[in-house]
Amino acid sequence: MRAATALLLLLFSAITQAEGMGLMTINAEWFWDENPPQEGHIAFGPAGNPPTTKQVELEAYGIAQVILRADADLVALTEVEGNTAASRILKYLPSGWSLAFDKGRDSATGQDVAILHRLSLVEGTVTDFPDAYGTYQGERKRPSKILGAALSTSPLVRHL
């Protein structure tokens, strides 16, 4: 599994150098929203207490500032609670940014992953790779936080 990840990173690196795109990943460290029901576990405050709206907005703003300072075009965002939480970051980014999201399969923590981007999404390509498996200590496992999408630098991409 590590070899496949390294290969993908090298491929992304080669693509970004050729196209001049900026890629980054951000571990959002349990970025949950304040709206019930809370999925999985949350990190703010005592167990069972959701974050306040102010905490969520400050975190979303902070993540957006990191993205803007890095001048990234695509950001892999991990450890978020759903589409609603990830979407909060978009309001602090300039127009043209979008979100690719598909519910994760992490039943223990409820954490999801998302892709923030300012590229064109090829319609129908967002996937959680349902057939992806790896082996860990002799046991077959499915990755719980995995997401992919086809993106293009073209202004408009249609998948027929």
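The values are calculated or read from the model by the stated rules, or taken from the named source; none is laboratory data. Everything numeric in this text was worked out from a predicted model, so none of it was measured. As a convention, Cβ positions derive from the backbone with ideal geometry for all residues, glycine included, and neighbour counts pool all protein chains shown. To get the accessible areas, we keep the full protein, side chains included, count just its heavy atoms, and leave off ligands, DNA and RNA. Shrake-Rupley method; radii C 1.70, N 1.55, O 1.52, S 1.80 Å.
Data overview
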item: One residue from ARG105, ARG140 being farther than 25 Å from LEU68 by Cβ and either touching a helix residue (DSSP H, G or I) at 6+ places or on another chain (Cβ under 7 Å) or without any contact (Cβ under 8 Å) to a residue 12 or more places away in the chain (or both); result: ARG140
item: Complete set of residues in the range 110-124 that are farther than 23 Å from ALA70 by Cβ and open to solvent by less than 30 Å² (accessible area, probe 1.4 Å); result: GLY110, VAL122
item: Segments classed as strands (runs of 3 or more DSSP E), wholly inside the range 112-160, with at least 1 members that are under 17 Å from VAL80 (Cα atoms) and at pLDDT 90 or above; result: 112-117
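Yes or no, residue by residue, for (1) among the aliphatic types (A, V, I, L, M); (2) crowded, with 16+ Cβ neighbours inside 10 Å; (3) closer than 20 Å to ASN35 by Cβ:
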residue	(1), (2), (3)
GLU59	no, yes, yes
LEU68	yes, no, no
GLU81	no, yes, yes
SER87	no, yes, yes
SER95	no, no, no
ALA100	yes, yes, no
ASP106	no, yes, yes
